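Beneath this line is the structure, given in structure tokens, with notes to follow.
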Amino acid sequence: MSFSNLKSMIKSLRQQKTLADERSLIQRESAAIRTAFREEDHFMRHANVAKLIYIHMLGYPAHFGQIECLKLAASSKFIDKRLGYLGIMLLLDESQEVLTLVTNSLKNDMNHSNMFVVGLALATFANISSQEMARDLAQEVEKLLSSTNSYIRKKAALCAMRTVRKLPELHYYYLNPAKSLLTDRNHGVLLCAVTLITNIAIAQPSTQSDLKKAIPLLIRQLKTLITQGYSPEHDVSGITDPFLQIKILQLLRLLCINDVASSELVNDILAQVATNTDNTKNVGNSILYEAVLCILDIEAESGLRVMAINILGKFLGNKDNNIRYVALNTLNKVVRMDTQAVQRHRNIIIDCLRDGDVSIRRRALELSYALINQSNVRMLTRELLSFLEVSDNEFKNGLTSQISFAAERFAPNKRWHIDTILRMLKVAGNYVREEVLSAFVRLVSHTPELQAYTVQKLFSALQKDVSQEALTLAGLWTIGEYGDVLLSAGSYEDDDQVNRVTENDIIQVSEKKSVHVTENDIVELLESINASPYANTVIRQYVLVSAAKLSIRFGKTFNESQDKLRWLITSYETSPELELQQRSIEFTQLLDMPDLVDGVLERMPPPEIRASILGGTASEAKPVGNTRSITDSSLVDVLGDESPSVGNGSGSAVAGGARGNAHDLLADIFGTGESLGDASASSSVSVGANTLVHPQEKSEKSSVTDIMGLFGQAAPDGDESEKASEEVKTYTAYDANGLLITLTPSPDESKRNIVNIMATFSATGLVECEKVNFQAAVPKSMKLQMQPISNTTVGTEREETQLLRVMAQPLQHIRLRLRISFQVSGRQVQNQVDFSELPSDILK
Amino acid sequence: MTQPKIKSKLIKDVTQLVLSRRTKMCNFLEYKDSKIVYRRYASLFFICGVSHNDNELIALEVIHRYVEILDRYFGNVCELDLIFNFQKAFSILDELIIAGELQESSKKNVLRNVSQADAIQDTEESQESITSIKSR
């Protein structure tokens, strides 16, 4: 019942109505073919293998035909060999044992008198050769590389390429023949030769110096291609052999990377390609694209680099999605190096956010993140916020994190920062990561002057919408924490407040009437959030804590709203959620302890960056207020904020000044100020990653203190005592002219790539040192932050300290250049020392 | 997973991904460590995988080259030509690309090579039918 030939089987299969019918027909046919194979039916072998290959293509098992394919390949007839090798290529792969049986057929056929038989053997080898087979046939392939027949030469070149990919150590067989193929006049051979050489250079980088000698030849070949007139055989829409042009460009790129001398050789030809190639068709653009990749990768002239980025800029305006896609992709790769050049195409990149193609939107989005800087942060953030409203949900989490990060880094002022985050929370409050939320909470608590504003905004936002989780959480926390501020601010709500709001371009306020918030309004809001369908466990936890805090923020007199709050808290006493139940009972108990409750639920101190870095002695030596402002500025430092922190007490102003000095010094040491700017720009990504990590650690810590609200200050103390018990080693950095400076390094607790170095100053002579100015610089690969010195006059009685934070890679050896200037008994001393005694394993 | 299983999963995944693309979208998509480049001709999709460093635009041209040659060979190629003559489609592909690399940039050469090989096959076939008639 088996079909007599392939055609009738295909016809019959196509007539089957259902998949089940097709499957049963194939099962019957496979069984018949299997029987025929077992009976060694020579006449039907060809037809059966053909049928089986078709069955395989439909996705059904056909492995039992492997041996029959080998038999066909071993036949003397071309018709059998052709099908046999096709079957081998399709049914076998390099992982299979049977493959070793093919080696012998291949070896025979590679020496066949008919070039098409040799061609079949070479194609099979090139497509499926294993390591073992490559080793066995390496020499046959080498022989064929110098065949007089171009049909065989080109195929042999690709076989050689396969061998080199499998066994790089065999490259020596092919290196010289491959080089001589570069002068071949046949385009096919030339194409394969360039491919082979590219693969040798990749598999065996040691050959590159030798292969570089071929650069002038490659340039000549490329030049011929672009200057040659119309050549019908290799023409693709008016361009001569784009395939070969691209292969040559790829090889040139590979050979010129990190090589100034070679790059110089190719500047001219690249400029020619970039200017002379027709950019109206995909073919031309594919060559331009390759030329751009080459220019950007090698040590090309700066003019050429600008040209390359402008080509990509032009690509962005192309109607063809594909061209825009590759442009965005490539710009993403170079934006870190050439930010300015890419900035010029910013508007068109922003336009791509509205593209119909999600792949293009995604690339454009990544690129716009990288483009945000101090001067365009308002404009770009506005674009991103409006994109946030319409963007695909998969983008939202990333977008909110990036907006928050950009706002944190580049905010022109706190008001703008808060407005931006508020709008973000309103638009996409369900797509906000926890660390973004806690960064906002930290921002609010560090901005006392805008707390009233923020809490009002959040209050009215929540009255309208409680469906955005992060907005709800931020609102609950803020209202709980600053409930008293909300109440008092509401009472003197005035026109001024409202005007300022409407002036702002980010936040639109629907009601202009002056709002007076009462205790009852707040309680009702809490209740409605608690009862809303959006309330989840976390939201309920926040409600609970908020209610507890509010009960001491409100007036002490017993009234209706107090009663409602108490009811809200006790309603969770039987909650099946353990955490809620426990808190509910604890808060109820606590609220009945009048002498304890105020202390426990009082306003949280602004969350600090782990102050444990200051170590035992130092933190004791400082007054509390001072510590706080220093923490502020160190926060600003860590976040890489270039703008001086706005009015945060005198301490931070000093810090800013000291930092300015340090910058100048760095600029002195490393040459121009610009280069410093570059360095910091290029490393901005890593800073970004760090900032994202930081708030999270903080959030863990603060959420513990938040939710429990009980042991607020106890935790850091514990940390410090732990810290003090660690062994510390001290190094002397400077000891002359009556001043001793020692450095005490300790790895940062929260960040693994940071070392805190405490510099301790003490006067060794009998007189004090005045106007001590201590500056430090690190190599470009590291980053340094400095706190101001605790006192610029180092007395004879006490030691002064100054903290340095160095951010470096693990195991990187930390080297410091120190500049010290001070006055001792009226004499000005200035010294510079290099310090590299820190153990390199300090960062693990 | 064994090689054939990986292969069939890959075919399944990529087919789904490509079929779910809308016509306005670009012809590239990322799949695991590589990029998929595809092009649609009427009801037929031609799909290839390239590595991350490869030039996607020229990959489209390679696909187009293959389709042009098929068209020239079959004369106004259609889906049925490829189904009933899949061996020929493979032969043409093997003359254009081996080991994943383009080996011939001239359409004329590819077509000439395939038809010469076809001629050898045809001679053998006619001889075979003659001998089988004689043997009867």
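Remarks
- Which numbered condition A:ILE53 fails, given (1) under 21 Å from A:LEU99 (Cβ atoms); (2) more than 9 Å from chain B (Cβ to nearest Cβ): (2)
- Test for A:LEU473: is it within 14 Å of A:MET424 (Cβ to Cβ) and either hydrophobic (A, V, I, L, M, F, W, C) or free of Cβ contacts under 8 Å to residues at least 60 places away in the same chain (or both): yes
- Of all residues in region A:215-235, those that are in contact (Cβ under 8 Å) with a residue 40 or more places away in the chain and more than 21 Å from B:GLU61 (Cα to Cα) total 4.
- Criterion violated by A:SER467 - all others in (1) outside any helix (DSSP H, G or I); (2) among the small types (Gly, Ala, Ser); (3) modelled with pLDDT under 90 satisfied: (3)
- Residue that is within 11 Å of chain B (Cβ to nearest Cβ) and over 27 Å from B:PRO4 (Cβ atoms), where the choices are A:PHE125, A:PHE116: A:PHE116
- Odd one out for A:THR163 among (1) among the polar types (S, T, N, Q); (2) more than 37 Å from the chain's Cα centre (by Cα); (3) within 20 Å of A:GLU94 (Cα to Cα): (2)
- Yes/no for B:ALA117 being touching a Phe, Trp or Tyr at 6+ places or on another chain (Cβ under 8 Å), of a type outside the set (Lys, Arg) and facing chain A (nearest Cβ under 8 Å): yes
- Meets criteria (under 24 Å from A:ASP109 (Cα atoms), within 10 Å of chain B (Cβ to nearest Cβ) and aromatic (Phe, Trp, Tyr)) for A:TYR173: no
- Within the set A:ALA138, A:ALA160, the sole residue that is aliphatic (A, V, I, L, M) and surrounded by fewer than 22 Cβ atoms within 10 Å (Cβ to Cβ) turns out to be A:ALA138.
- When B:ILE69 is tested against (1) at the interface with chain A (Cβ under 10 Å from one of its Cβ atoms); (2) surrounded by 18 or more Cβ atoms within 10 Å (Cβ to Cβ); (3) over 21 Å from A:LYS7 (Cα atoms), just one condition goes unmet, and that condition is (1).
- Residue within region A:26-42 that is among the aliphatic types (A, V, I, L, M), surrounded by fewer than 22 Cβ atoms within 10 Å (Cβ to Cβ), assigned to a helix (DSSP H, G or I) and without any contact (Cβ under 8 Å) to a residue 24 or more places away in the chain present: yes
- Helices (runs of 4 or more DSSP H) wholly inside region A:311-396 that include at least 2 residues being of a type in the set (Val, Ile, Thr), under 22 Å from the mean Cα position of the chain (by Cα) and more than 13 Å from chain B (Cβ to nearest Cβ): A:339-343, A:346-351, A:377-390
- Every residue from region B:54-66 that is charged (D, E, K, R), outside any loop (DSSP other than H, G, I, E, B) and either at the interface with another protein chain (Cβ under 7 Å from one of its Cβ atoms) or without any contact (Cβ under 8 Å) to a residue 40 or more places away in the chain (or both): B:GLU56, B:GLU61
- So A:ARG153, is it within 14 Å of another protein chain (Cβ to nearest Cβ) and closer than 26 Å to A:THR183 by Cα: yes
- Taken residue by residue, region B:95-111 has no member that is acidic (Asp, Glu) and either more than 21 Å from A:ILE152 (Cα to Cα) or more than 10 Å from chain A (Cβ to nearest Cβ) (or both).
- In region A:1-21, the qualifying residues are those that are over 24 Å from B:LYS88 (Cβ atoms) and part of a helix (DSSP H, G or I), and the one that is nearest to the other protein chains (Cβ to nearest Cβ) is A:LEU19.
- Checking A:ARG363 against (1) over 24 Å from A:LYS281 (Cα atoms); (2) buried (at least 18 other Cβ atoms within 10 Å of the Cβ), the condition it does not meet: (1)
- Test: B:LEU10 is away from every other protein chain (no Cβ under 11 Å) and modelled with pLDDT of 90 or more: yes
- Criterion: of a type in the set (S, T, N, Q) and more than 20 Å from A:VAL283 (Cβ to Cβ) - qualifying residue of B:GLN103, B:GLN121: B:GLN121
- Matching residues in region A:296-306 - criterion: being more than 14 Å from every other protein chain (Cβ to nearest Cβ) and crowded, with 19+ Cβ neighbours inside 10 Å: A:ILE298, A:ALA300, A:LEU304, A:ARG305
- Residue-level check: of (1) in contact (Cβ under 8 Å) with a residue 24 or more places away in the chain; (2) buried (at least 19 other Cβ atoms within 10 Å of the Cβ); (3) under 27 Å from A:ASP320 (Cα atoms), A:GLY238 misses just (2).
- Summed over region B:69-82, residues that are of a type in the set (Val, Ile, Thr) and over 12 Å from the mean Cα position of the chain (by Cα) total 1.
- Residues satisfying the stated conditions in region B:107-136, i.e. part of a loop (DSSP other than H, G, I, E, B) and surrounded by 19 or more Cβ atoms within 10 Å (Cβ to Cβ): none
- Being modelled with pLDDT of 95 or more and of a type in the set (Ser, Thr, Tyr) is a condition met by no residue of region A:183-193.
- In region B:72-85, the residues that are more than 8 Å from chain A (Cβ to nearest Cβ) and on the phi < 0 side of the Ramachandran plot: B:ARG72, B:TYR73, B:PHE74, B:VAL77, B:CYS78, B:GLU79, B:LEU80, B:ASP81, B:LEU82, B:ASN85
- Filter result (touching a residue at least 24 places away in the same chain (Cβ under 8 Å) and surrounded by fewer than 22 Cβ atoms within 10 Å (Cβ to Cβ)) within region A:71-88: A:LYS71, A:ALA74, A:PHE78, A:ILE79, A:ASP80
- Within this structure, B:LYS88 fails the test of being at the interface with chain A (Cβ under 9 Å from one of its Cβ atoms) and touching a residue at least 12 places away in the same chain (Cβ under 8 Å).
The values are calculated or read from the model by the stated rules, or taken from the named source; none is laboratory data. Just so we're clear, the structure is a prediction, and the values are computed from it rather than from any experiment. Note that we place each Cβ from the backbone using ideal geometry, even for glycine, and neighbour counts take in every protein chain shown.
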